[in-house]
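This report concerns only the one structure given below.
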Amino acid sequence: MSTAANGDGRALVVANEAVSGRELRESLISHLGDEIGEVFVVAPALTESGLKYMLGDVDAAIGPASERLERTLAELREAGIEAAGEVGDSDPMMAISDEIQKFHPDQVLVVAHRDEDGAFAERGLLEQIERDLDLPVIELVVDKASDPHVLDVQETEPVAGRREGWRPSPNWPPLSPGQIGGIVMAIVGTLLLAFLAAHCVDEAGGTGGAGDFEESRLGAACAARILIAIGMALINMAHVVGLLLFQSVSYEGVWSRFFARLSLIGTPIAVVVSLLIGTLD
């Protein structure tokens, strides 16, 4: 049965899962509403693993994305909805941003999976959408099946979260409580690791003679603590600098989440490892 929309509004549909089957199709059409008359579909080229995403190995993902796109377009056109589309970037947020610039939609509707079921690039997608977009967004959370079931429906407020939050300076982007906590963790953890490494060097100097800090006299344990401190300092510095200076340019999406987790999880682990190594020195 045709359910063609009569409105002149535009909607962007992000097909992380193909729209197929009666349940998902009717849910999608229902949430589009009568005011939407034109739909553009983007199917992100989602990679099978985080490693492939990081390496930019998306060739194998283009075929499945094209299939998702064609199935979704067929369902929408059969329902009487004017729809076109294309395969998008492997990062769904980047794909959304690209199409918003070209299509200028009035709303965005995302068909996505739960974090534990979806592709690496889908994780935390709605949170980032809510932070970065000033358009109303509806996310249909579905399972992976030939005829997907709608597990949940979530909506965001049409206000860019980027405009909210604490700003250390008017020239800096706003920071969420989680980002502020991450910066504090990075700074404190880096200082603690530096102190542990310096203490190790001081002890080596006291044992081998004042000012005698040759690498061969430091010992493997002390050298390991120094390398850990340097490594985490570089990671934490990259994350903090990215948040404060580059968030509005390209430090977003998967890379932001990757470094945030690496910093938040890696820093306390590095401190514990450094302390354990100290007991062996």
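Computed from the coordinates by the stated procedures, all read-outs in this text should not be read as laboratory data. Keep in mind the model is a prediction, meaning the values are calculated, not measured. FYI the Cβ positions are ideal-geometry reconstructions off the backbone, even for glycines, and counts take in every protein chain you see.
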Problem set entry | Simple label model, 7 Å out from Cα along Cβ direction - K102 to A194, nm | 4.6
Seminar exercise, completed: To the nearest 0.05, the calculated FRET efficiency linking D34 and V184 through their beta-carbon distance, R0 being 41 Å, is 0.25
Exercise. What is the packing order of peptides 43-51, 29-37, taking the mean over residues of other C-beta atoms within 10 Å and listing the highest first?
Worked result: 43-51, 29-37
Seminar exercise, completed: Given backbone amide H placed at 1.01 Å from N, residues whose amide H is under 5 Å from that of H113, ignoring those fewer than 5 places away on the same chain, are V142
For this session: Work out, step by step, the length gained on full extension between L227 and I62: first 0.36 nm times the residue separation, then minus their alpha carbon distance; give nm to one decimal.
Result: 55.4 nm
Exercise. Under 5 Å between amide H atoms, partner at least 5 residues away or on a different chain: which partners does V19 have, H built in plane at 1.01 Å?
Worked result: T72
For this session: Would you mind checking which residues have amide H under 5 Å from V13's amide H? H placed 1.01 Å from N; only 5 or more apart, or other chain.
Result: F40, V41, V42, L109
For this session: Mind giving me the nanometre distance, one decimal, between the label points for L51 and E203, set 7 Å out from Cα along Cα→Cβ?
Result: 3.7
Exercise. So how compact is region 9-161: Cα radius of gyration and Dmax in angstrom?
Worked result: 14.0, 42
